[in-house]
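Participant: Structure incoming, see below.
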Amino acid sequence: MKRLPHVFLIGWALLTTLPLVWAVLSSFKSDDEILTDPWSLPSRLRWENWARAWTSAHIGRYFLNSAVVVTGALTLTMLFGAMAAYVLARYKFRGNRIVYYTFVGGMMFPVFLALVPLFFVVRNLGLLGTLPGLTLVYAAYSLPFTVFFLTAFFRTLPTTVAEAAMVDGCGHFGLFFRVMLPMARPGLISVGIFNFLFQWNQYVLPIVLMQGSDAEQRWVLAQGLTALAVSEGYRGDFSGLFAGMTIAMLPVLFGYLLFHRQVQSGLAAGQLR
């Protein structure tokens, strides 16, 4: 019985890892190898599949659009989310709980119910089919979870350090940016990774908001992969499709490999404190 959890975890690791490995290996195969022997190793590394997906299928353009949108949205989310969470966690004022539970309530509001009014709001602002408009929407939908997560984390930080900084002449803005924000680094990295995954893999919001003339030029990666799956499926270019999928997965994999220790330490710190 003691080994049962380990067997379950090993099985779960294989279940999640093998499809990723298979997709990466398939991106280096020819179409004949994929169709005739899908479980074999590629006979050679065909980097031309990646080049074809990057240029001919416009994955490079979609990748750049996603990078621009996610970078801007993540910056806005982490900055304003951390500021709001810090105020709600460390300052007492009338309506504090109302503001906090308003953010928490935003986490329970399904995005599908807001698509129609959101479309008209973005259109009336003149931001429909633009990358800045999509960036603002991403940031807005990521704020509730960010505030909820960081509020609990800021509450665990020691008040003695803040009091000592105030005694030494540190103002409220200096206290936040120079003292409290560096102390909350594990929590910021953890929630930043979650927000990055949500924004990078978002599909519904771009489909609704990226409308208008020449909107295809501003598609993000999720839209581009969907179009690639349809077009390459009809053409039979499965190697190019797998190459595009692998390119889309690389930022997520590299992000996890670089920050997985910080994510684990941030979650553990929030639980232990």
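The values are calculated or read from the model by the stated rules, or taken from the named source; none is laboratory data. What you see is a predicted model; the values in this text were computed from it and never measured. As a convention, Cβ positions derive from the backbone with ideal geometry for all residues, glycine included, and neighbour counts pool all protein chains shown.
Participant: Across the stretch 17-48, what is the total count of residues that are assigned to a helix (DSSP H, G or I), of a type in the set (A, V, I, L, M) and over 30 Å from ASN195 (Cβ atoms)?
Facilitator: Summing the residues that are assigned to a helix (DSSP H, G or I), of a type in the set (A, V, I, L, M) and over 30 Å from ASN195 (Cβ atoms) in the stretch 17-48 gives 3.
Participant: Follow-up question, since we're still on this one. Checking PHE109 against (1) within 21 Å of LEU76 (Cβ to Cβ); (2) modelled with pLDDT of 85 or more; (3) outside any helix (DSSP H, G or I), which test does it fail?
Facilitator: So the condition that PHE109 fails would be (2).
Participant: Still on this structure, I have one more. Kindly indicate which of LEU181, LEU197, LEU118, LEU128 is among the hydrophobic types (A, V, I, L, M, F, W, C), surrounded by 13 or more Cβ atoms within 10 Å (Cβ to Cβ) and in a loop (DSSP other than H, G, I, E, B).
Facilitator: The conditions single out LEU128.
Participant: Right, VAL70: among the hydrophobic types (A, V, I, L, M, F, W, C) and within 22 Å of TYR203 (Cα to Cα) or not?
Facilitator: Criteria met by VAL70.
Participant: With respect to LEU143, is the statement that it is closer than 21 Å to PRO251 by Cβ, under 19 Å from the mean Cα position of the chain (by Cα) and either in a helix (DSSP H, G or I) or among the basic types (Lys, Arg) (or both) true?
Facilitator: Judged against the criteria, LEU143 is not a match.
Participant: Do we find a residue being among the small types (Gly, Ala, Ser) and in a loop (DSSP other than H, G, I, E, B) anywhere in the stretch 80-92?
Facilitator: no
Participant: Does GLY192 meet the test of being part of a helix (DSSP H, G or I) and under 12 Å from the mean Cα position of the chain (by Cα)?
Facilitator: Considered against the rule, which asks whether it is part of a helix (DSSP H, G or I) and under 12 Å from the mean Cα position of the chain (by Cα), GLY192 comes out as yes.
Participant: Which of the residues that make up the stretch 214-229 are crowded, with 18+ Cβ neighbours inside 10 Å and not in a helix (DSSP H, G or I)?
Facilitator: Of everything in the stretch 214-229, those that are crowded, with 18+ Cβ neighbours inside 10 Å and not in a helix (DSSP H, G or I) turn out to be TRP219, VAL220.
Participant: Ok, one more. From the residues in the stretch 49-73 that are part of a helix (DSSP H, G or I) and more than 19 Å from the chain's Cα centre (by Cα), which one is surrounded by the most Cβ atoms within 10 Å (Cβ to Cβ)?
Facilitator: If we take residues in the stretch 49-73 being part of a helix (DSSP H, G or I) and more than 19 Å from the chain's Cα centre (by Cα), then ALA53 is surrounded by the most Cβ atoms within 10 Å (Cβ to Cβ).
Participant: Let me ask something else. With ARG97, ARG123 as the choices, which residue is out of contact with any helix residue (DSSP H, G or I) (no Cβ under 7 Å at 6 or more places or on another chain), farther than 26 Å from GLY133 by Cβ and assigned to a helix (DSSP H, G or I)?
Facilitator: ARG97
Participant: Among all residue pairs at least 6 apart or on different chains, which show Cβ distances below 8 Å where the first residue, located in the stretch 142-167, is hydrophobic (A, V, I, L, M, F, W, C) and the second is not in a helix (DSSP H, G or I)?
Facilitator: Here the result reads LEU150/ALA184; PHE153/ALA184; PHE154/ALA184; LEU157/ALA184, each pair linking the stretch 142-167 to a residue that is not in a helix (DSSP H, G or I).
Participant: Continuing with this model, one more query. Based on this model, can you work out whether VAL208 counts as assigned to a helix (DSSP H, G or I), in contact (Cβ under 8 Å) with a residue 12 or more places away in the chain and among the β-branched types (Val, Ile, Thr)?
Facilitator: Taking the combined requirement at face value, the residue satisfies it.
Per-residue answers, yes or no, for (1) farther than 27 Å from ALA222 by Cβ; (2) of a type in the set (D, E, K, R); (3) modelled with pLDDT of 90 or more:
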site: HIS6; (1), (2), (3): yes, no, no
site: LEU9; (1), (2), (3): yes, no, no
site: TRP12; (1), (2), (3): no, no, no
site: VAL24; (1), (2), (3): no, no, yes
site: ALA57; (1), (2), (3): no, no, no
site: ARG61; (1), (2), (3): no, yes, yes
site: THR71; (1), (2), (3): no, no, yes
site: PHE80; (1), (2), (3): no, no, yes
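Participant: Run GLN202 past the list (1) within 30 Å of ARG155 (Cα to Cα); (2) surrounded by 14 or more Cβ atoms within 10 Å (Cβ to Cβ) and report the number of the one that doesn't hold.
Facilitator: Unmet condition: (1).
Residue by residue, here is whether (1) touching a Pro at 6+ places or on another chain (Cβ under 8 Å); (2) among the β-branched types (Val, Ile, Thr); (3) under 30 Å from ALA140 (Cβ atoms) holds:
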position: THR36; (1), (2), (3): no, yes, no
position: PRO42; (1), (2), (3): no, no, no
position: ARG46; (1), (2), (3): no, no, no
position: TRP54; (1), (2), (3): no, no, no
position: GLY72; (1), (2), (3): yes, no, yes
position: LEU79; (1), (2), (3): no, no, yes
position: VAL87; (1), (2), (3): no, yes, yes
